[in-house]
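K.L.:
Take this structure, written in C-alpha cells, and hold onto it; I'll ask about it next.
The values are calculated or read from the model by the stated rules, or taken from the named source; none is laboratory data. Because the structure is a prediction, the values reported are computed rather than measured. Backbone-built Cβ (ideal geometry, glycine too); neighbour counts: all protein chains shown. In case anyone asks, the SASA skips ligands and DNA or RNA and just uses the protein heavy atoms, side chains included. Shrake-Rupley method; radii C 1.70, N 1.55, O 1.52, S 1.80 Å.
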Amino acid sequence: MIALVDCNNFFVSCERVFNPSLNGRPVVVLSNNDGCIIARSNEAKALGIPMGVPVFKYKDLLRREKVTLFSSNYVLYGDMSARVMNSLASFVPEIEVYSIDEAFLPLDGADGKALEEQGRSIVRQVTRNTGIPVSMGIAPTKTLAKLANHFAKSYPAYQSVCMIDNEEKREKALRLTDIGEVWGVGRRNVKRLKSDGIENAYDFTQRSRKWVRKHYTVAGERLWEELRGNACAEADISSGMRKQVCISRSFGEMITSYESLSEAVTEFASLCASKLRNENSYAESLTLFLTTNRFREELPQYFIQKSVEMPVPNNSTMEIVRYASEALRSIYRKEYLYKRAGVILSGISPATIRQEDLFHHTDFEKHHRLMKKIDLVNHIFGRDCLRLVSQGTDPQWKPKSSLRSPRYSTSLKECIEIKC
C-alpha cells in the first residue's frame, strides 16, 4: 500500500506554528510581490476567498472580515518542510518527496486495521514533532492515495487518515470525485472528458482500455489503470535529478534601466548556480527571459528569451552569471518597462561527469575551490554574506514583502522573543 501525506494549508500552518494567536482566525498568504492569494486557512475559505486571485479584488472583504495577510516567507516554509520530511523519514525506510508539502510513503501491515493505525500514529507524531497538521491517504496506487487524502482532509470523521482498501471504498471514492479533481487530469482535458459523458472518476474507469488509449493516449491508459487499483506511477523513492533549475521573480516596481535588470539577472543566476552545487550537479545550457506587465495593456508589450549553450557543463556562479549577462545584453531594449525576469538552467548532469572542451581554458578546479569556500561562509554566517558586486547592495527590483513574518527558524536575528 502507498500513503500520501499532505500538510494542511501548509503556508498558513507554518505561520501559525510560531504565532498561535492566528488559530481559528482567517489567514491568507500572498504570492511574490504581494500580488495574489496563494494559501488560505479554512476560515478564509469559508468566507468565499478563492485561490490564486489578485488580492486587490478582495481588499474590501479582507478588511471587513479582519483577515490577516502575510507576504510569502519561503525561507521559513522551506525549513518547516524539511522538518516534516525528516520526521516522516524516521517512520519508514524510504520516502518520495513529491512537493514542498507532500510525500509518498510505502506502508506495510498485516491487515487494514494495522495499516490505518500505523497511519494515524504517523500523523499524530508528525504534527506533534513539527506543529504542522497533516493528513494521510492510503491506497494501492498513488492516484487513489491522492483521492483518499482529499477525503481525509475534507471529512473530520476520518480523523486525518482515509484508506481505500477494498472495491466498495474504491467505487464510492471514484463516484464522489469529479473528473477535474483527479490527479493528472489537466484543465484542457476536463471539457473534452465531460463532452464524452465522463463526469466523475468512476465514469472514466467504466470505459474500455482500448477506448481510453485511442482517445487519451498512453498517459490516459496509465491513469485508467491507477484508478482501477493497478499501480502504474512507479514510486521514485530515490530523489531523481531534476531536469531544470529555474529562478524567476516579479519586480516590486516596473524597471527600465539596464543596471537594475542586470542586478536582478545576476541574483537569479547566482541562486541557480547555488542550487546546482547543493545538488552536486552541472548545467549545460542557460535561458534568460524578460517580460513586461501584461496587465498594463496601455503600455508597449515585450516578451523575449535567449538561450545559450555553455561550452563546458559547470556550476560556477561566475561562469553562469557571465553567460546570463551576455544573454541580457543581446535582448535588452531600453524602451520597455520590465515587470519580470528569470533564469533557467537545463541539461542537468551529475557533477561526477563532465566532458571537457579542448579550446575552453577556464580553470574549473580553481572555481570549484572558490565556490566551496563561498558556500561554506554563507552557510555559517547567512546567505549572501559573500556575494558578487554585480548583484548590488540595495536593489530597486526586489519584490514587495512588507507583510513577511520573521524567519523564526533560520535567523538568529529574527527568532522569537519571549517577554517575561
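K.L.:
How high is the relative contact order of the chain, in percent, counting Cα pairs under 8 Å that sit 6 or more residues apart?
P.N.:
Normalised by residue count, the contact order of the chain is 16 percent.
K.L.:
For a quick check: with amide H placed at 1.01 Å from N, whose amide H comes under 5 Å from GLY252's, ignoring anything fewer than 5 positions away on the same chain?
P.N.:
Here LYS398, LYS400 satisfy the definition.
K.L.:
Follow-up. Can you send over the solvent-accessible area of LEU115, 1.4 Å probe, protein chains only, in Å² to the nearest 10?
P.N.:
10
K.L.:
Find which of THR205, SER21, LEU144 sits farthest along the positive direction of the dipole of the chain, computed with +1 on the beta-carbon of Lys and Arg, -1 on that of Asp and Glu, about the Cα centre.
P.N.:
Value computed over the given set: SER21.
K.L.:
Using only the alpha-carbon atoms, how far is helix 112-130 inclined from the longest principal axis of the chain? Give it as 0 to 90 degrees, nearest 10.
P.N.:
Here the helix axis deviates by roughly 40 degrees.
K.L.:
I'd like the orientation of helix 317-331 relative to the chain: the angle between its Cα long axis and the longest Cα principal axis, in ° from 0 to 90, rounded to 10.
P.N.:
Long axis of 317-331 versus the principal axis of the chain: about 80 degrees.
K.L.:
Put +1 on the Cβ of each Lys and Arg and -1 on the Cβ of each Asp and Glu in segment 278-331; which of ILE320, ASN278, THR291 then has its Cα farthest toward the positive end of the dipole?
P.N.:
Going by the charge dipole, the pick is THR291.
K.L.:
Something else now. I'd like to check one number: the per residue accessible area of segment 201-336, probe 1.4 Å, reported in Å² as a whole number.
P.N.:
51
K.L.:
Next question, about the same structure. Set Lys and Arg Cβ to +1 and Asp and Glu Cβ to -1, take the dipole of the chain about its Cα centre, and tell me which of VAL92, THR410, MET371 lies farthest positive.
P.N.:
Final value for the positive-end residue is THR410.
K.L.:
Which of the lysines could a cross-linker span from LYS306 if the Cα-Cα distance has to be under 18 Å and same-chain partners fewer than 8 positions apart are dropped?
P.N.:
LYS334, LYS339
K.L.:
By average Cβ neighbour count within 10 Å, what is the ranking of 181-193, 124-136 from highest down?
P.N.:
Output ranking for 181-193, 124-136: 124-136, 181-193.
K.L.:
Only Lys, Arg, Asp and Glu count, each charged at its Cβ (+1, +1, -1, -1), so figure out the dipole size of segment 361-420 about its Cα centre, rounded to 20 debye. Working shown, then result.
P.N.:
On the way: 12 positive and 7 negative charges, 29 e Å.
Charge dipole of segment 361-420: 140 debye, to the nearest 20.
K.L.:
Another question about this same structure. If you count only protein heavy atoms with a 1.4 Å probe, what accessible area per residue comes out for segment 21-172, rounded to a whole Å²?
P.N.:
Per-residue value: 48 Å².
K.L.:
Still on this structure, I have one more. Tell me whether segment 91-161 comes out rounded, prolate or oblate; compute the Cα gyration tensor, take square roots of the eigenvalues as a ≥ b ≥ c, and use a/c under 1.5 as the rounded threshold.
P.N.:
Taking the square roots of the gyration eigenvalues as a ≥ b ≥ c, segment 91-161 is rounded.
K.L.:
So for each of 324-330, 292-298 I average, over its residues, the number of other beta carbons within 10 Å; can you give me the resulting order with the highest mean first?
P.N.:
324-330, 292-298
K.L.:
Going by amide H atoms built from the backbone, whose H comes under 5 Å of the H on THR141, apart from near neighbours?
P.N.:
ILE2
K.L.:
In addition: Would you mind estimating how fast segment 302-420 diffuses translationally, via Stokes-Einstein at 20 °C and 1.002 mPa s with the Kirkwood radius over Cα pairs, in µm²/s?
P.N.:
On the way: Rh = 18.1 Å.
Estimated via Stokes-Einstein, D reaches 118 µm²/s.
K.L.:
Let me ask something additional. Within 10 Å of each candidate Cβ there may be at most 10 other Cβ atoms; applying that plus a DSSP loop requirement, which trypsin sites (Lys or Arg not before Pro) in segment 380-420 survive?
P.N.:
Listed in order of number, the matching sites are LYS419.
K.L.:
Which log10 I(q)/I(0) values, to two decimals, does segment 31-133 give at q = 0.10, 0.18, 0.23 Å⁻¹ under the Debye formula with one point per Cα?
P.N.:
Evaluating at q = 0.10, 0.18, 0.23 Å⁻¹ gives log10 I(q)/I(0) of -0.42, -0.94, -1.18.
K.L.:
Quick check: convex hull of the Cα atoms in segment 284-329, volume per residue, rounded to a whole Å³?
P.N.:
Dividing the Cα hull volume of segment 284-329 by its residue count gives 75 Å³.
K.L.:
So, one more: With charges only on Cβ, +1 for K and R and -1 for D and E, what is the dipole size of segment 1-120 about its Cα centre, in debye, rounded to 20?
P.N.:
860
K.L.:
Okay, next question. Determine the gain in length on full extension of the stretch THR352-TYR98; use 0.36 nm per residue of separation and subtract their C-alpha separation, reporting nm with one decimal.
P.N.:
Length gained between THR352 and TYR98: 88.9 nm.
K.L.:
Here's a follow-up. Give the carbon-plus-sulfur fraction of the accessible surface of the chain in %, rounded to a whole number; probe 1.4 Å, heavy atoms of protein chains only.
P.N.:
Numbers: 11750 of 23050 Å².
Here carbon and sulfur together make up 51 percent of the probe-accessible area.
K.L.:
Can you return the aspartates and glutamates within cross-link range of LYS59? Criterion is Cα-Cα under 14 Å, with same-chain partners fewer than 8 residues away left out.
P.N.:
Correct list for LYS59: ASP34.
K.L.:
Nearest 10 degrees, 0 to 90: what angle lies between the long axis of helix 74-89 and the longest principal axis of the chain (Cα atoms)?
P.N.:
Here the helix axis deviates by roughly 50 degrees.
K.L.:
Just for the Cα atoms in the chain, what are the lengths along the principal axes, largest first, rounded to whole Å?
P.N.:
That works out to 64, 61, 49 Å along the principal axes.
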